[in-house]
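The values are calculated or read from the model by the stated rules, or taken from the named source; none is laboratory data. A quick note: this is a predicted structure, and the numbers were derived from the prediction, not measured. Note that we place each Cβ from the backbone using ideal geometry, even for glycine, and neighbour counts take in every protein chain shown.
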Amino acid sequence: MISEEMKKTIFRRYRNHNIKFKTWKELIEKTNFDENKKLRCFYCNDLLEYSQKISERKVVSLDHKLPKYWGGKDTIENTCLCCKECNIIKGTMKENTYIKFRIILLQNGLLERYLQEAYPGKKAAMLKRKNKKLELWEML
């Protein structure tokens, strides 16, 4: 179940990109969220959080699948919810490029190192936990 705090955070993320919904029901219909499940990152499938107090790297973020840099628009079809970590690493990469990039990092054992450089000072144990979950990308 999606908490009220998470709903407020999601509304804010969409509003910041001029994508507005009148009600939560309208947002659910247009985005195909499953309200009965916890929200997961579009890219790495980790659970999303609504507050940095819980997990700074897993705070819900709104990403453009085709970045504005490449002509992407602020539309519901071009946006997805992801974790802050994936959004930062993806940068201006296109969706498919980023997925391939993550697979290459995983296959070459470089994901942990890349994340350590992106998030200096974070414990290796957190990165190892993340690495295990991302092994699913290798099956693509």
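Numbers at a glance
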| quantity | calculated |
| --- | --- |
| Residue, nearest to R40 (Cα to Cα), within the stretch 71-109, restricted to residues that are buried (at least 19 other Cβ atoms within 10 Å of the Cβ) and aliphatic (A, V, I, L, M) | L81 |
| Which numbered condition D63 fails, given (1) modelled with pLDDT under 85; (2) surrounded by 19 or more Cβ atoms within 10 Å (Cβ to Cβ); (3) of a type outside the set (S, T, Y) | (1) |
| Qualifying positions in the stretch 1-30 - touching a residue at least 12 places away in the same chain (Cβ under 8 Å), out of contact with any strand residue (DSSP E or B) (no Cβ under 8 Å at 6 or more places or on another chain) and not charged (D, E, K, R) | M1, I2, S3, F11, N18, W24, L27 |
| Odd one out for T9, checked against (1) within 14 Å of the chain's Cα centre (by Cα); (2) surrounded by fewer than 16 Cβ atoms within 10 Å (Cβ to Cβ); (3) farther than 30 Å from R113 by Cβ | (2) |
| Every residue from the stretch 31-44 that is at pLDDT 85 or above and out of contact with any helix residue (DSSP H, G or I) (no Cβ under 7 Å at 6 or more places or on another chain) | R40, F42 |
| Lone qualifier among I28, I88 - being of a type in the set (A, V, I, L, M, F, W, C), modelled with pLDDT under 85 and under 25 Å from Y114 (Cα atoms) | I88 |
